[in-house]
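Presented below is the structure to which this report refers.
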Amino acid sequence: MIIGRKIAHKVKVISLRLSVVREKCVHCHRCTERCPVSLPVEAMVDSKLMEHSEYILCGTFADSCNENTIFLGFR
Ligand code: SF4
């Protein structure tokens, strides 16, 4: 799945991706605390680098953000 996502991003195929609006983040830590695979989500938001090799596309941390900072969608 990870290799498939990397190829999709490389050839710019529409795929499920994360987007962030970093300015909305209030640093509440909810996303990092609720991530089922313990990704450093808040640090990812700060860096705007939302791709992570261990991300499993579950969407849990996007759903846990009350500030609508993180979006999961096709683009
Ligand atoms: S849950 Fe949302 S507001 Fe809270 S730290 Fe994560 S991205 Fe920022």
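Read-outs throughout are calculated quantities, based only on the coordinates presented, and are distinct from any laboratory measurement. Predicted model only: the values in this text are computed from it and were never measured. Reconstructed Cβ throughout: ideal geometry from the backbone, glycine too, with neighbour counts over all protein chains shown.
Measure off 7 Å from each Cα along the Cα-to-Cβ vector at HIS29 and ASN68, then give the distance between these two points in nanometres to one decimal.
About 2.7 nm, to one decimal.
If packing is taken as the average number of other Cβ atoms within 10 Å across a peptide's residues, how do 38-45, 21-28, 56-63 rank, most packed first? Working shown, then result.
Details: 38-45: 17.8, 21-28: 11.6, 56-63: 15.5.
In descending order of packing, they fall as 38-45, 56-63, 21-28.
How high is the relative contact order of the chain, in percent, with contacts defined as C-alpha pairs under 8 Å that are six or more residues apart? Please report the intermediate quantities before stating the final value.
Working: 91 pairs, mean separation 32.4, N = 75.
With pairs under 8 Å counted, the relative contact order is 43 percent.
Under the rule of at least 5 residues apart or a separate chain, name every residue whose amide H is placed under 5 Å from the amide H of ARG17.
GLY73, PHE74, ARG75
Starting from the 7 Å offset along Cα-to-Cβ, what nm value, one decimal, do you get for the label separation of ILE56 and ARG22?
Distance between the two pseudo-spin positions: 2.8 nm.
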